[in-house]
Amino acid sequence: MVPGVTLDSQHLHALYSDHHGWLHGWLRRRLGNTWDAADLAHDTFIRVMTGRRPVADLGPEPRALLTHIAKGLVVDHWRRQEVERAYLDALSQLPEASHPSPESRLLILQALCRIEAMLRGLPARTREIFLLAQLDGLTYAVIARRMGVSLITVKRHMRDAFLACLALD
């Protein structure tokens, strides 16, 4: 054993050496480019490294765990791309003089991705009620009538949605 190198870091090094090339290829085939594949392969190993399980306890077939983590990262990647496309499309409708700086665009995109993830995490009815109120501007009474629920139910769903918003940061 090398001084200063823990057994877990040795396992991580072996895991990375044995499986990084395979994972990068797997991701490249799904994503269609090597750069995003390299980023997500890196992120996959970061998740393994920062996970609760010691690397030595990943079992005899670590590719199953690597694949599971990578699939989730790919879905997140596609969702971020979808949010970015929608944002850039909306931005293209504005006069160029009113476009935000590249730094502001990045911050806005990051916020939009957090909001999208928060909305996705809400129960369907809560999300629908929240969007009717916030995007369509409907009153709680109109939402209650439209959805066939009581006013207190709408208020309860809105409270839950606002709490999720506050938890964003």
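Relative intensity of region 23-71 on a log10 scale, I(q)/I(0) at q = 0.15, 0.26 Å⁻¹, equals -0.38, -0.94, per a Debye sum over C-alpha point scatterers of equal strength in the absence of solvent. Where the alpha-carbon atoms of region 92-147 are placed on the principal axes, they occupy 43, 25, 14 Å, in descending order.
Once the chain from residue 20 to residue 38 is taken as fully extended at 0.36 nm per residue, the excess over their C-alpha distance is 5.5 nm. The residue list 133, 91, 167 was ranked by how far each Cα lies along the charge dipole of the chain toward its positive end, using unit charges on Cβ atoms, and 133 comes out on top. Ranked from largest to smallest solvent-accessible area, with a 1.4 Å probe on the protein heavy atoms, 99, 24 come out as 99, 24. Summary of packing: across the peptides 39-47, 154-162, the per-residue average of other C-beta atoms within 10 Å ranks them, highest first, as 39-47, 154-162. Return the distance in nm (one decimal) between the two label points of a simple spin-label model at residue 131 and residue 61, each offset 7 Å from Cα along Cα→Cβ. Inter-label distance under the simple model: 3.8 nm. Quick one: among 108, 152, 69, which has the greatest mean-square fluctuation in a GNM of the chain with alpha-carbon springs under 10 angstrom? Of 108, 152, 69, the most mobile in the Gaussian network model is 152. Legend: calculated FRET efficiency, residue 71 to residue 114, from the Cβ-Cβ distance at R0 = 22 Å, rounded to 0.05, equals 0.55. Dividing the helix sum by the residues of the chain, where each DSSP H run of 4 or more adds -39500 (n - 2.57), gives a mean residue ellipticity at 222 nm of -25500 deg cm²/dmol. Ranking 65, 77, 100 by how far each Cα lies toward the positive end of the dipole of region 13-169 (charges on Cβ) leaves 65 at the top. Accessible surface area normalised per residue over region 1-147 is 66 Å², counting heavy atoms of protein chains with a 1.4 Å rolling probe. The apolar share of the surface of region 47-117, taken as the fraction of accessible area on carbon and sulfur atoms (1.4 Å probe, ligands and nucleic acids excluded), comes to 57 percent. Averaging 1/r across all pairs of distinct Cα atoms in region 39-106 and inverting the result yields a Kirkwood radius of 14.7 Å. Quick one: compute the contact order of region 75-169, relative version, from alpha carbon pairs under 8 angstrom and 6+ residues apart, as a percent. This gives 26 percent for region 75-169. Taking the Cα centre of region 1-152 as reference, the dipole from Cβ charges on Lys and Arg (+1) and Asp and Glu (-1) amounts to some 520 debye.
Classify region 19-169: rounded, prolate or oblate, from the alpha-carbon gyration tensor (a ≥ b ≥ c, eigenvalue square roots; a/c under 1.5 rounded; otherwise prolate if a/b is larger than b/c)? Oblate. Of all complete DSSP H helices in the chain, those with a Cα span along the helix axis of 27 Å or greater and a mean Kyte-Doolittle hydropathy of 0.0 or more are 102-121.
The values are calculated or read from the model by the stated rules, or taken from the named source; none is laboratory data. Since we're looking at a predicted model, the values are computed, not measured. Please note: Cβ atoms are built from the backbone with ideal geometry, for glycine as well, and neighbour counts cover all protein chains shown. Note: accessible area is taken over every heavy atom of the protein model, side chains too, but ligands, DNA and RNA are not part of it. Shrake-Rupley method; radii C 1.70, N 1.55, O 1.52, S 1.80 Å.
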